[in-house]
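Enquirer: Just passing along the structure, written as C-alpha cells.
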Amino acid sequence: MDIEKEIKKYIEKYKLLEKGEKIFVALSGGKDSVTILYILNKLGYNPEALMIDLKIGGQSKQHKKNMEEFCKKENIPLHFIDFEKELKCNLNDIDKFLKKKNLTRCTLCGVSKRWLLNKFAKDMRADKLVTGHNLDDETQNVLMNFLKGNVYLGINSAPISEKVPGGFVQRVKPLFYIPEKEVKNYSKKKGFKIIYEPCPYARQTYRINIREWMGAMSDDKKVSIVSNFQKIVPTLQKRKGTNLNFCAVCGEPSVGRTCKFCDMISDLVES
Ligand code: SF4
Ligand code: ZN
C-alpha cells in the first residue's frame with residue numbers, strides 16, 4: 001500500500017485538513033504519530049508537534065530524545081507538556097494515589113492526555129489536533145465498547161470530530177482506515193529512530209486481549225467493522241443528544257458539572 005497516496009486521498013475525501021491551518025500533531029514517539037507527522041510535513045501542511053512527557057521511566061526519556069532529534073532533522077517545531085508539572089504532583093504521589101484508589105496508570109493517563117492536549121492546542125490557537133489512531137486502534141475501540149456493553153463510548157469516533165463552538169479542538173485521524181502493519185512497514189522503511197516496544201503499562205490491558213483475539217482478522221474485515229459502526233454513529237448521537245456542558249472548575253468541555261480531569265486532580269491533591 002502506498003500510504004502517502006492513501007492519506008492524501010482521505011484528507012481530501014473527508015475534508016480533514018486545509019493548507020494554512022494551524023495544525024498540531026499529538027506526538028507520542030511511537031510509529032503512528034511519527035509517521036503521520038512526517039507525512040503531513042512532507043505534504044506541506046506545516047504541522048507542529050505536541051508531546052506529553054509522561055515520565056514513564058527510561059522509555060519516556062528515550063522517546064523525548066528521539067523526538068527532539070527527529071523534529072530538529074525535519075525542521076518541525078516541537079512543544080513539550082510536563083505531566084508532573086501539569087498534575088501538580090510528583091510520580092511517587094501519583095502512584096500512591098492510584099494504588100489507594102485501585103486505579104491503573106492508564107486510567108489517569110488517558111483522562112489527562114485528552115485534557116492536556118486539548119488545553120494546550122486551544123491555548124496555541126490550533127485549528128486541528130491530529131492523532132495517530134490507525135485502523136487497528138479503531139477496530140479495537142468498536143469491539144471493546146461493544147463488549148463493555150456501552151457502544152455510546154464510540155459516539156465521537158470519526159476521521160474528523162465535529163466543530164463545536166467552545167468545545168474541543170477538532171480532532172483529526174488521517175490514519176483512521178490505514179492498517180497498523182502498513183504504518184509499521186512505512187516507518188521501518190523510512191528508518192525512523194523510534195521505540196517499537198509498547199508502553200510497559202500496556203501489557204495487561206483489555207485492549208491487548210482484544211488485539212490478540214483480532215490477530216488473524218483481515219484488513220478488509222477491520223474496515224467493514226469500523227465503517228459499519230460509522231453508519232450507526234449519527235443515530236447514537238441523536239439518541240444521546242449533544243448537549244455540551246463546561247466544567248465548573250477549568251471551563252473545558254465536560255459531560256457532568258465538573259470534568260473527569262478536575263475530579264481526578266482534586267482527589268489526587270486531597271489524598
Ligand atoms: Fe498511558 Fe497506559 Fe498508554 Fe502507557 S499504555 S501511554 S500508561 S494509556
Ligand atoms: Zn475541569
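The values are calculated or read from the model by the stated rules, or taken from the named source; none is laboratory data. Since this is a predicted model, take the numbers as computed values, not measurements. When we count neighbours, we look across all protein chains shown, and the Cβ atoms used for this are built from the backbone with ideal geometry, even at glycine.
Enquirer: Considering only residues of the stretch 247-271 that are under 19 Å from R105 (Cβ atoms), in contact (Cβ under 8 Å) with a residue 24 or more places away in the chain and not small (G, A, S), which is surrounded by the most Cβ atoms within 10 Å (Cβ to Cβ)?
Expert: F261
Enquirer: Moving on to the next point. Considering only the stretch 45-69, how many residues are part of a loop (DSSP other than H, G, I, E, B) and at pLDDT 95 or above?
Expert: Residues flagged as part of a loop (DSSP other than H, G, I, E, B) and at pLDDT 95 or above within the stretch 45-69 amount to 3.
Enquirer: Determine whether the stretch 160-183 contains at least one residue that is within 16 Å of ligand 2 (Cβ to nearest atom), closer than 26 Å to K22 by Cα and surrounded by fewer than 19 Cβ atoms within 10 Å (Cβ to Cβ).
Expert: Checked against the condition, which is being within 16 Å of ligand 2 (Cβ to nearest atom), closer than 26 Å to K22 by Cα and surrounded by fewer than 19 Cβ atoms within 10 Å (Cβ to Cβ), the stretch 160-183 yields at least one hit.
Enquirer: Could I ask something else about it? Among the listed residues N243, N228, which satisfies the condition of being assigned to a loop (DSSP other than H, G, I, E, B), more than 16 Å from ligand 1 (Cβ to nearest atom), loosely packed, with under 12 Cβ neighbours inside 10 Å and not hydroxyl-bearing (S, T, Y)?
Expert: When all the criteria are applied, what remains is N243.
Enquirer: Do any residues in the stretch 179-200 that are farther than 13 Å from S33 by Cα have Cβ atoms under 6 Å from those of residues that are at pLDDT 95 or above and aliphatic (A, V, I, L, M), where the two are at least six apart or on different chains, and which pairs are they?
Expert: Filtered contacts from the stretch 179-200: P179/L135; E182/I3.
Enquirer: Only residues that are more than 15 Å from ligand 2 (Cβ to nearest atom), assigned to a helix (DSSP H, G or I) and among the aliphatic types (A, V, I, L, M): list them for the stretch 91-117, please.
Expert: Result: L91, I94, L98.
Enquirer: Working only within the stretch 31-44, note down all residues that are part of a loop (DSSP other than H, G, I, E, B) and either in contact with a His (Cβ under 8 Å, 6 or more places away or on another chain) or surrounded by 17 or more Cβ atoms within 10 Å (Cβ to Cβ) (or both).
Expert: Selection gives nothing.
Enquirer: Still on this structure, please answer the following. Working carefully through the options V142, V164, find the one that is assigned to a loop (DSSP other than H, G, I, E, B) and among the β-branched types (V, I, T).
Expert: None of the others qualify; the one that does is V164.
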